[in-house]
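First, the structure itself, so that you have it in front of you.
The values are calculated or read from the model by the stated rules, or taken from the named source; none is laboratory data. In this text the structure is predicted, and so the values were computed from the model without any measurement. Every residue, glycine among them, receives a Cβ derived from its backbone with ideal geometry; neighbour counts consider all protein chains shown.
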């Protein structure tokens, strides 16, 4: 009987969703997480469907830049490990972030702001 070689099928997004919680837990120090929660609650920042935050108030831009830099590092590591585009990783994370953020958080979808 002829042996059939084992085929490996890559599922790039399957590994990403399983690591979302771990990555966010490792990168979200309590002080950083508290600041993020406070900014969300105040309406000074909002979440996008691309996995990044946007300053809704100019005074929050420095914090937004720091948050997005941390997220971009995570997304790039995951994209490299999975062999996919960083944008795909950001969208997977965005879906989870948007699902988890508390009610009242501003979310931007297709350029329009709405409260969750």
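Has the stretch 15-35 got any residue that is at pLDDT below 95 and assigned to a loop (DSSP other than H, G, I, E, B)? Show your work before the answer.
Let us first name the residues in the stretch 15-35 that are at pLDDT below 95, namely 15-35.
When the remaining residues are screened for being assigned to a loop (DSSP other than H, G, I, E, B), the result is 28-29.
Yes; the residues of the stretch 15-35 include at least one that is at pLDDT below 95 and assigned to a loop (DSSP other than H, G, I, E, B).
Got at least one residue in the stretch 48-66 being modelled with pLDDT of 95 or more and on the phi > 0 side of the Ramachandran plot?
Within the stretch 48-66 (the criterion being modelled with pLDDT of 95 or more and on the phi > 0 side of the Ramachandran plot), the answer is yes, since at least one residue qualifies.
Filter the stretch 101-111 down to residues that are out of contact with any strand residue (DSSP E or B) (no Cβ under 7 Å at 6 or more places or on another chain) and loosely packed, with under 12 Cβ neighbours inside 10 Å, then give me how many there are. Lay out the reasoning, then the answer.
Applying the first criterion (out of contact with any strand residue (DSSP E or B) (no Cβ under 7 Å at 6 or more places or on another chain)) to the stretch 101-111 yields 102-103, 109-111.
This time we only want the ones that are loosely packed, with under 12 Cβ neighbours inside 10 Å, so: 102-103, 110-111.
Qualifying residue count for the region: 4.
What pairs can you find where one residue is in the stretch 95-116 and in contact (Cβ under 8 Å) with a residue 12 or more places away in the chain and on the phi < 0 side of the Ramachandran plot, the other is assigned to a helix (DSSP H, G or I) and surrounded by 10 or more Cβ atoms within 10 Å (Cβ to Cβ), and their Cβ atoms are less than 6 Å apart, with a gap of 6+ or different chains?
Pairs that qualify, where the first residue is in contact (Cβ under 8 Å) with a residue 12 or more places away in the chain and on the phi < 0 side of the Ramachandran plot and the partner is assigned to a helix (DSSP H, G or I) and surrounded by 10 or more Cβ atoms within 10 Å (Cβ to Cβ), are 96/20; 105/40; 107/98.
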